[in-house]
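Visitor: Dropping a structure here in C-alpha coordinates format, bear with me for questions.
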Amino acid sequence: MDAGFIKNNVKKNEFADINAIIGITKYIMYSNINTNLRNLKLKVNTNVINSLNQKIDLVIPELEDEFPAILTYTSGTTGKSKIVERSHAFLELQGNILEETIKYDKNDIELSSIPIFTLSNINVGITTVIADGNYSNLGNSNAIKLINQIQKNKINRLMAAPGLLRVITSYCINKHKTIEGITKIFTGGGAIFLDFINDLRKVFPNAKITTLYGSTEAEPIAKLNIDDMSEDDIKSTQNGFGILAGNIIGVEDCKIIKTGKEKIGKISVEEFEEMQTDIGEIVVTGANVLKGYVNGIGDAENKFSVDGKVYHRTGDLGFIDPKNRLWLRGRIKEPYFNIEAALHSKFKMGKTAVFKDKERLILVVERDNKIPEKDLIEAIDFEKISEIKYVKNIPVDKRHSTKVDYKELRKILKINE
(Lines give C-alpha, C1' and ligand atoms only; values in the text may rest on other atoms or scores of the structure.)
Protein backbone atom coordinates (compact mmCIF):
# COMPACT_ATOMS: atom_id res chain seq x y z
CA MET A 1 0.00 0.00 0.00
CA ASP A 2 1.26 3.47 -0.87
CA ALA A 3 1.82 5.35 2.37
CA GLY A 4 0.90 8.58 0.62
CA PHE A 5 -2.65 7.29 0.36
CA ILE A 6 -2.58 6.40 4.04
CA LYS A 7 -1.36 9.86 4.96
CA ASN A 8 -4.14 11.60 3.08
CA ASN A 9 -7.05 9.24 3.53
CA VAL A 10 -6.88 6.75 6.37
CA LYS A 11 -8.77 7.64 9.50
CA LYS A 12 -8.16 6.19 12.94
CA ASN A 13 -8.95 2.45 13.14
CA GLU A 14 -10.05 2.39 9.49
CA PHE A 15 -7.42 -0.28 8.79
CA ALA A 16 -7.08 -2.31 11.94
CA ASP A 17 -5.82 -5.24 9.84
CA ILE A 18 -2.78 -3.46 8.35
CA ASN A 19 0.38 -5.19 9.60
CA ALA A 20 3.11 -3.90 7.29
CA ILE A 21 4.16 -0.92 5.21
CA ILE A 22 6.50 -0.64 2.23
CA GLY A 23 7.56 2.81 1.07
CA ILE A 24 10.26 5.39 0.58
CA THR A 25 12.05 7.05 3.50
CA LYS A 26 9.64 9.95 4.03
CA TYR A 27 6.67 7.57 4.28
CA ILE A 28 8.49 5.31 6.74
CA MET A 29 9.30 8.40 8.84
CA TYR A 30 5.67 9.50 8.65
CA SER A 31 4.52 6.07 9.80
CA ASN A 32 6.52 6.52 13.01
CA ILE A 33 4.27 9.41 14.09
CA ASN A 34 0.95 8.27 12.60
CA THR A 35 -1.30 6.57 15.17
CA ASN A 36 -2.50 4.06 12.58
CA LEU A 37 1.01 2.96 11.64
CA ARG A 38 3.28 3.68 14.58
CA ASN A 39 3.28 0.15 16.05
CA LEU A 40 3.53 -1.88 12.85
CA LYS A 41 6.14 -4.62 13.22
CA LEU A 42 7.20 -4.75 9.58
CA LYS A 43 8.36 -1.58 7.81
CA VAL A 44 10.38 -1.86 4.61
CA ASN A 45 12.26 1.20 3.36
CA THR A 46 12.62 0.84 -0.41
CA ASN A 47 15.34 3.51 -0.52
CA VAL A 48 17.51 1.34 1.73
CA ILE A 49 16.88 -1.74 -0.40
CA ASN A 50 17.92 0.14 -3.53
CA SER A 51 21.14 1.29 -1.90
CA LEU A 52 22.24 -2.15 -0.61
CA ASN A 53 25.32 -3.37 -2.46
CA GLN A 54 24.72 -7.04 -1.78
CA LYS A 55 22.74 -9.97 -3.13
CA ILE A 56 19.42 -10.61 -1.41
CA ASP A 57 17.71 -13.97 -1.71
CA LEU A 58 14.02 -13.30 -2.08
CA VAL A 59 11.44 -15.90 -1.20
CA ILE A 60 8.38 -15.41 -3.39
CA PRO A 61 5.32 -17.10 -1.87
CA GLU A 62 2.68 -18.87 -3.91
CA LEU A 63 -0.58 -16.95 -3.67
CA GLU A 64 -4.19 -17.74 -4.42
CA ASP A 65 -5.59 -15.96 -7.50
CA GLU A 66 -7.99 -14.01 -5.30
CA PHE A 67 -5.27 -12.82 -2.91
CA PRO A 68 -5.25 -8.99 -2.71
CA ALA A 69 -2.65 -7.38 -4.98
CA ILE A 70 -3.30 -3.66 -4.67
CA LEU A 71 -5.45 -1.23 -2.68
CA THR A 72 -6.47 2.13 -4.14
CA TYR A 73 -8.76 4.93 -3.07
CA THR A 74 -11.77 6.54 -4.70
CA SER A 75 -14.26 9.14 -3.52
CA GLY A 76 -16.89 8.36 -6.18
CA THR A 77 -20.46 9.55 -5.84
CA THR A 78 -20.56 9.87 -2.06
CA GLY A 79 -17.47 12.02 -1.68
CA LYS A 80 -16.37 9.75 1.17
CA SER A 81 -13.07 7.90 1.06
CA LYS A 82 -13.60 4.32 -0.13
CA ILE A 83 -10.97 1.63 -0.57
CA VAL A 84 -10.91 -0.61 -3.62
CA GLU A 85 -9.17 -3.98 -3.44
CA ARG A 86 -7.96 -5.64 -6.63
CA SER A 87 -6.86 -9.27 -6.55
CA HIS A 88 -4.15 -10.78 -8.74
CA ALA A 89 -6.82 -12.53 -10.82
CA PHE A 90 -8.77 -9.29 -11.26
CA LEU A 91 -5.66 -7.38 -12.39
CA GLU A 92 -4.85 -10.12 -14.89
CA LEU A 93 -8.39 -9.98 -16.28
CA GLN A 94 -8.34 -6.17 -16.44
CA GLY A 95 -4.94 -6.32 -18.15
CA ASN A 96 -6.28 -8.72 -20.78
CA ILE A 97 -9.27 -6.46 -21.48
CA LEU A 98 -7.03 -3.40 -21.77
CA GLU A 99 -4.65 -5.30 -24.06
CA GLU A 100 -7.55 -6.08 -26.38
CA THR A 101 -8.89 -2.51 -26.12
CA ILE A 102 -5.66 -0.60 -26.59
CA LYS A 103 -3.88 -2.86 -29.11
CA TYR A 104 -0.25 -2.69 -27.99
CA ASP A 105 2.69 -2.84 -30.36
CA LYS A 106 5.86 -4.51 -29.11
CA ASN A 107 7.92 -1.50 -30.20
CA ASP A 108 5.77 1.06 -28.35
CA ILE A 109 7.43 3.27 -25.77
CA GLU A 110 4.81 4.94 -23.63
CA LEU A 111 4.84 8.00 -21.40
CA SER A 112 2.23 7.32 -18.72
CA SER A 113 0.66 9.11 -15.77
CA ILE A 114 -2.03 6.49 -15.02
CA PRO A 115 -0.85 3.65 -12.73
CA ILE A 116 -3.38 0.96 -13.65
CA PHE A 117 -2.52 1.28 -17.34
CA THR A 118 1.17 1.12 -16.44
CA LEU A 119 0.50 -2.24 -14.78
CA SER A 120 -1.18 -3.36 -17.98
CA ASN A 121 1.93 -2.28 -19.92
CA ILE A 122 4.12 -4.37 -17.63
CA ASN A 123 1.79 -7.32 -18.18
CA VAL A 124 2.37 -7.23 -21.95
CA GLY A 125 6.01 -6.11 -21.83
CA ILE A 126 5.65 -2.57 -23.18
CA THR A 127 8.36 -0.10 -22.22
CA THR A 128 6.83 2.56 -19.98
CA VAL A 129 8.31 5.86 -18.83
CA ILE A 130 6.57 7.42 -15.83
CA ALA A 131 5.66 11.02 -16.68
CA ASP A 132 7.75 13.55 -14.74
CA GLY A 133 4.62 15.35 -13.56
CA ASN A 134 3.45 17.05 -10.41
CA TYR A 135 1.25 14.26 -9.04
CA SER A 136 -0.15 16.39 -6.24
CA ASN A 137 -1.50 18.71 -8.96
CA LEU A 138 -1.05 17.48 -12.53
CA GLY A 139 -2.10 20.82 -13.98
CA ASN A 140 0.99 22.42 -12.43
CA SER A 141 3.43 20.02 -14.10
CA ASN A 142 6.45 21.35 -15.98
CA ALA A 143 5.87 21.18 -19.74
CA ILE A 144 9.57 21.39 -20.62
CA LYS A 145 10.40 18.38 -18.42
CA LEU A 146 7.63 16.36 -20.05
CA ILE A 147 8.65 17.31 -23.58
CA ASN A 148 12.29 16.49 -22.78
CA GLN A 149 11.17 13.06 -21.58
CA ILE A 150 9.27 12.49 -24.83
CA GLN A 151 12.25 13.46 -26.96
CA LYS A 152 15.00 11.83 -24.88
CA ASN A 153 13.23 8.48 -24.55
CA LYS A 154 11.84 8.43 -28.10
CA ILE A 155 8.29 8.15 -26.79
CA ASN A 156 5.72 7.29 -29.46
CA ARG A 157 2.57 7.01 -27.35
CA LEU A 158 1.00 8.87 -24.47
CA MET A 159 -1.32 7.52 -21.78
CA ALA A 160 -2.20 10.48 -19.63
CA ALA A 161 -4.91 12.38 -17.84
CA PRO A 162 -6.26 15.43 -19.73
CA GLY A 163 -4.73 17.83 -17.21
CA LEU A 164 -1.21 16.59 -17.96
CA LEU A 165 -1.74 16.62 -21.72
CA ARG A 166 -3.13 20.15 -21.49
CA VAL A 167 0.14 21.29 -19.89
CA ILE A 168 2.01 20.07 -22.97
CA THR A 169 -0.46 21.37 -25.56
CA SER A 170 -0.73 24.83 -23.97
CA TYR A 171 3.04 25.23 -23.96
CA CYS A 172 3.48 23.99 -27.52
CA ILE A 173 0.66 26.12 -28.94
CA ASN A 174 2.08 29.23 -27.25
CA LYS A 175 5.55 28.42 -28.62
CA HIS A 176 4.24 27.34 -32.05
CA LYS A 177 5.79 23.87 -31.62
CA THR A 178 4.63 20.44 -32.75
CA ILE A 179 5.72 16.98 -31.59
CA GLU A 180 5.93 14.72 -34.62
CA GLY A 181 7.02 11.45 -33.00
CA ILE A 182 3.82 10.71 -31.08
CA THR A 183 1.64 8.29 -33.03
CA LYS A 184 -0.90 7.26 -30.35
CA ILE A 185 -2.61 9.15 -27.53
CA PHE A 186 -4.93 7.62 -24.94
CA THR A 187 -6.67 9.86 -22.42
CA GLY A 188 -9.54 9.80 -19.96
CA GLY A 189 -10.49 10.54 -16.39
CA GLY A 190 -12.65 13.60 -16.99
CA ALA A 191 -14.58 15.61 -19.54
CA ILE A 192 -12.79 15.70 -22.89
CA PHE A 193 -14.16 18.47 -25.08
CA LEU A 194 -13.66 19.01 -28.81
CA ASP A 195 -11.55 22.17 -28.50
CA PHE A 196 -9.06 20.16 -26.43
CA ILE A 197 -9.09 17.40 -29.05
CA ASN A 198 -8.31 20.04 -31.68
CA ASP A 199 -5.36 21.23 -29.59
CA LEU A 200 -4.06 17.66 -29.40
CA ARG A 201 -4.33 17.37 -33.18
CA LYS A 202 -2.36 20.59 -33.68
CA VAL A 203 0.46 19.65 -31.33
CA PHE A 204 0.60 15.94 -32.24
CA PRO A 205 -0.21 15.93 -35.99
CA ASN A 206 0.70 12.25 -36.49
CA ALA A 207 -1.20 10.84 -33.52
CA LYS A 208 -4.31 8.66 -33.44
CA ILE A 209 -6.33 9.89 -30.46
CA THR A 210 -8.45 7.57 -28.32
CA THR A 211 -10.57 8.55 -25.33
CA LEU A 212 -11.40 6.03 -22.62
CA TYR A 213 -14.32 6.20 -20.20
CA GLY A 214 -14.35 4.21 -17.00
CA SER A 215 -13.89 4.45 -13.26
CA THR A 216 -11.73 3.03 -10.52
CA GLU A 217 -14.36 0.34 -10.01
CA ALA A 218 -14.89 -0.46 -13.71
CA GLU A 219 -12.16 0.12 -16.29
CA PRO A 220 -12.84 0.37 -19.18
CA ILE A 221 -16.53 1.01 -19.95
CA ALA A 222 -16.37 2.81 -23.31
CA LYS A 223 -13.83 3.76 -25.95
CA LEU A 224 -13.86 6.32 -28.76
CA ASN A 225 -11.39 6.56 -31.61
CA ILE A 226 -11.64 10.25 -32.42
CA ASP A 227 -11.22 9.61 -36.15
CA ASP A 228 -14.49 7.65 -36.02
CA MET A 229 -16.40 10.72 -34.87
CA SER A 230 -18.58 11.83 -37.77
CA GLU A 231 -19.90 15.25 -38.76
CA ASP A 232 -23.30 14.14 -37.48
CA ASP A 233 -21.72 13.32 -34.11
CA ILE A 234 -20.19 16.81 -33.97
CA LYS A 235 -23.56 18.37 -34.85
CA SER A 236 -25.19 16.27 -32.13
CA THR A 237 -22.60 17.56 -29.66
CA GLN A 238 -23.38 21.13 -30.72
CA ASN A 239 -27.10 20.46 -30.30
CA GLY A 240 -26.80 19.34 -26.69
CA PHE A 241 -26.34 15.57 -26.78
CA GLY A 242 -23.31 15.72 -24.46
CA ILE A 243 -19.90 14.05 -24.75
CA LEU A 244 -19.62 10.99 -26.96
CA ALA A 245 -17.80 8.34 -24.89
CA GLY A 246 -17.97 5.79 -27.69
CA ASN A 247 -18.55 2.07 -28.01
CA ILE A 248 -19.34 0.15 -24.84
CA ILE A 249 -16.50 -2.29 -24.13
CA GLY A 250 -15.13 -4.48 -21.36
CA VAL A 251 -18.28 -4.70 -19.24
CA GLU A 252 -20.80 -7.51 -19.53
CA ASP A 253 -23.80 -5.17 -19.31
CA CYS A 254 -24.37 -1.42 -19.30
CA LYS A 255 -27.79 0.01 -18.52
CA ILE A 256 -29.34 3.43 -17.90
CA ILE A 257 -31.58 3.70 -14.83
CA LYS A 258 -33.72 6.40 -13.24
CA THR A 259 -31.83 8.59 -10.81
CA GLY A 260 -32.89 9.67 -7.34
CA LYS A 261 -32.60 6.57 -5.21
CA GLU A 262 -29.83 6.89 -2.63
CA LYS A 263 -29.74 3.11 -2.14
CA ILE A 264 -31.19 0.33 -4.27
CA GLY A 265 -30.19 -2.92 -2.54
CA LYS A 266 -31.39 -6.27 -3.85
CA ILE A 267 -33.97 -6.22 -6.65
CA SER A 268 -35.54 -8.61 -9.13
CA VAL A 269 -35.07 -8.62 -12.91
CA GLU A 270 -38.58 -7.19 -13.28
CA GLU A 271 -37.86 -4.35 -10.84
CA PHE A 272 -34.61 -3.61 -12.67
CA GLU A 273 -36.41 -3.40 -16.01
CA GLU A 274 -38.89 -0.92 -14.53
CA MET A 275 -36.00 1.29 -13.35
CA GLN A 276 -34.48 1.58 -16.83
CA THR A 277 -34.94 4.77 -18.81
CA ASP A 278 -33.60 6.68 -21.81
CA ILE A 279 -31.45 9.24 -19.99
CA GLY A 280 -30.30 8.43 -16.47
CA GLU A 281 -27.55 6.96 -14.32
CA ILE A 282 -25.04 4.66 -15.99
CA VAL A 283 -24.74 1.29 -14.23
CA VAL A 284 -22.49 -1.62 -15.23
CA THR A 285 -21.69 -5.20 -14.34
CA GLY A 286 -19.12 -7.73 -15.51
CA ALA A 287 -15.98 -9.59 -14.57
CA ASN A 288 -13.95 -6.35 -14.75
CA VAL A 289 -16.37 -4.52 -12.44
CA LEU A 290 -15.44 -4.60 -8.75
CA LYS A 291 -18.24 -6.01 -6.62
CA GLY A 292 -17.56 -4.14 -3.37
CA TYR A 293 -15.24 -2.02 -1.25
CA VAL A 294 -12.93 -2.91 1.62
CA ASN A 295 -14.93 -3.43 4.82
CA GLY A 296 -18.12 -2.79 2.81
CA ILE A 297 -17.77 0.98 3.19
CA GLY A 298 -19.68 2.49 0.24
CA ASP A 299 -21.34 -0.73 -0.93
CA ALA A 300 -24.89 0.30 -0.02
CA GLU A 301 -24.67 3.59 -1.92
CA ASN A 302 -22.71 2.39 -4.96
CA LYS A 303 -23.68 -1.23 -5.51
CA PHE A 304 -26.92 -3.14 -5.99
CA SER A 305 -27.78 -6.65 -7.10
CA VAL A 306 -30.24 -8.00 -9.64
CA ASP A 307 -31.09 -11.60 -8.78
CA GLY A 308 -27.62 -11.91 -7.26
CA LYS A 309 -25.71 -10.14 -10.06
CA VAL A 310 -23.87 -7.08 -8.68
CA TYR A 311 -24.06 -3.79 -10.59
CA HIS A 312 -21.89 -0.72 -9.99
CA ARG A 313 -23.47 2.74 -10.02
CA THR A 314 -21.10 5.14 -11.80
CA GLY A 315 -22.84 8.29 -10.53
CA ASP A 316 -22.67 9.61 -14.12
CA LEU A 317 -25.68 10.64 -16.19
CA GLY A 318 -25.87 9.53 -19.79
CA PHE A 319 -27.68 7.61 -22.51
CA ILE A 320 -27.04 4.93 -25.12
CA ASP A 321 -27.70 5.89 -28.74
CA PRO A 322 -29.10 3.62 -31.50
CA LYS A 323 -25.53 2.62 -32.44
CA ASN A 324 -25.01 1.28 -28.90
CA ARG A 325 -22.62 4.11 -28.09
CA LEU A 326 -22.52 5.82 -24.73
CA TRP A 327 -23.00 9.59 -24.34
CA LEU A 328 -22.16 11.43 -21.11
CA ARG A 329 -24.12 14.26 -19.51
CA GLY A 330 -21.96 14.71 -16.40
CA ARG A 331 -22.35 13.77 -12.76
CA ILE A 332 -25.89 13.27 -11.49
CA LYS A 333 -25.58 16.39 -9.31
CA GLU A 334 -24.17 18.49 -12.16
CA PRO A 335 -25.59 16.96 -15.38
CA TYR A 336 -24.65 19.74 -17.76
CA PHE A 337 -21.89 18.33 -19.97
CA ASN A 338 -24.31 18.87 -22.85
CA ILE A 339 -24.03 22.66 -22.34
CA GLU A 340 -20.27 22.65 -21.90
CA ALA A 341 -19.65 20.22 -24.75
CA ALA A 342 -21.70 22.39 -27.13
CA LEU A 343 -19.74 25.50 -26.19
CA HIS A 344 -16.37 23.77 -26.53
CA SER A 345 -17.40 22.34 -29.90
CA LYS A 346 -18.01 25.83 -31.26
CA PHE A 347 -15.38 27.92 -29.47
CA LYS A 348 -11.84 27.58 -28.20
CA MET A 349 -12.37 28.20 -24.50
CA GLY A 350 -10.73 27.89 -21.11
CA LYS A 351 -12.33 25.84 -18.34
CA THR A 352 -16.11 26.08 -17.91
CA ALA A 353 -18.66 24.92 -15.34
CA VAL A 354 -22.44 24.78 -15.15
CA PHE A 355 -24.55 24.22 -12.04
CA LYS A 356 -27.91 25.10 -10.57
CA ASP A 357 -28.43 27.64 -7.80
CA LYS A 358 -31.93 26.70 -6.71
CA GLU A 359 -33.84 27.05 -9.99
CA ARG A 360 -31.26 29.31 -11.68
CA LEU A 361 -28.85 27.71 -14.15
CA ILE A 362 -25.40 29.33 -13.86
CA LEU A 363 -22.66 29.18 -16.50
CA VAL A 364 -19.18 29.95 -15.17
CA VAL A 365 -16.29 30.87 -17.45
CA GLU A 366 -12.80 32.14 -16.78
CA ARG A 367 -12.14 35.86 -17.08
CA ASP A 368 -9.70 35.61 -19.97
CA ASN A 369 -12.48 34.24 -22.15
CA LYS A 370 -13.13 36.89 -24.82
CA ILE A 371 -16.22 35.37 -26.43
CA PRO A 372 -19.21 37.76 -26.24
CA GLU A 373 -21.98 36.64 -23.91
CA LYS A 374 -24.47 36.94 -26.76
CA ASP A 375 -22.52 34.33 -28.76
CA LEU A 376 -22.30 32.00 -25.78
CA ILE A 377 -26.05 32.17 -25.19
CA GLU A 378 -26.84 31.61 -28.88
CA ALA A 379 -24.54 28.57 -28.97
CA ILE A 380 -26.60 26.82 -26.29
CA ASP A 381 -30.12 27.81 -27.30
CA PHE A 382 -31.34 24.35 -26.24
CA GLU A 383 -30.92 25.40 -22.57
CA LYS A 384 -31.93 28.58 -20.72
CA ILE A 385 -28.96 30.06 -18.86
CA SER A 386 -29.98 32.42 -16.05
CA GLU A 387 -26.59 34.09 -15.60
CA ILE A 388 -22.98 33.96 -16.75
CA LYS A 389 -20.41 34.44 -14.02
CA TYR A 390 -16.67 35.04 -14.39
CA VAL A 391 -13.85 33.84 -12.16
CA LYS A 392 -10.08 34.10 -12.49
CA ASN A 393 -9.65 30.34 -12.40
CA ILE A 394 -12.17 27.50 -12.16
CA PRO A 395 -10.93 25.04 -9.50
CA VAL A 396 -10.46 21.42 -10.58
CA ASP A 397 -9.50 18.14 -8.93
CA LYS A 398 -5.81 17.60 -8.31
CA ARG A 399 -5.80 13.98 -9.46
CA HIS A 400 -6.55 14.68 -13.13
CA SER A 401 -6.72 18.51 -13.11
CA THR A 402 -9.89 18.10 -15.16
CA LYS A 403 -12.99 17.60 -13.02
CA VAL A 404 -14.51 20.82 -11.71
CA ASP A 405 -14.43 21.17 -7.92
CA TYR A 406 -17.98 22.48 -7.55
CA LYS A 407 -17.77 22.80 -3.78
CA GLU A 408 -14.77 25.12 -4.05
CA LEU A 409 -16.31 26.96 -7.00
CA ARG A 410 -19.43 27.72 -4.96
CA LYS A 411 -17.21 29.12 -2.20
CA ILE A 412 -15.47 31.40 -4.68
CA LEU A 413 -18.85 32.61 -5.99
CA LYS A 414 -20.29 32.79 -2.44
CA ILE A 415 -23.20 30.54 -3.40
CA ASN A 416 -24.38 28.03 -0.82
CA GLU A 417 -25.36 24.50 -1.79
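Visitor: Within the stretch 190-220, track down each residue that is among the aromatic types (Phe, Trp, Tyr) and within 30 Å of residue 286 (Cα to Cα).
Guide: 193, 213
Visitor: If residue 187 satisfies all but one of (1) in a loop (DSSP other than H, G, I, E, B); (2) in contact with a Pro (Cβ under 8 Å, 6 or more places away or on another chain), what's the number of the condition it fails?
Guide: So residue 187 meets the others, but not (1).
Visitor: I would also like to ask the following. When you check residue 202 against the structure, is it part of a helix (DSSP H, G or I) and without any contact (Cβ under 8 Å) to a residue 24 or more places away in the chain, yes or no?
Guide: When the stated conditions are applied, residue 202 does not pass them.
Visitor: Can you say whether residue 109 is in contact (Cβ under 8 Å) with a residue 40 or more places away in the chain and more than 20 Å from residue 249 (Cβ to Cβ), as far as the supplied structure shows?
Guide: yes
Visitor: Scan the stretch 132-186 residue by residue and report those that are β-branched (Val, Ile, Thr) and under 16 Å from the mean Cα position of the chain (by Cα).
Guide: Within the stretch 132-186, 185 is the sole residue that qualifies.
Visitor: Could you please tell me which pairs satisfy a Cβ distance under 7 Å, a separation of 6+ or placement on different chains, a first residue in the stretch 23-42 that is surrounded by 11 or more Cβ atoms within 10 Å (Cβ to Cβ), and a second residue that is of a type in the set (Ser, Thr, Tyr) and at pLDDT 80 or above?
Guide: Close Cβ pairs satisfying both conditions: 37/31; 40/31.
Visitor: Scan the stretch 321-332 for residues that are crowded, with 21+ Cβ neighbours inside 10 Å and either farther than 13 Å from residue 246 by Cα or in contact with an Asp or Glu (Cβ under 8 Å, 6 or more places away or on another chain) (or both) and jot them down.
Guide: Matches in the stretch 321-332: 327, 328, 329, 330.
The values are calculated or read from the model by the stated rules, or taken from the named source; none is laboratory data. Note that the structure is predicted; figures quoted are calculated from it, not measured. Every residue, glycine as well, gets a Cβ built from its backbone with ideal geometry; the counts of neighbours run over all protein chains shown.
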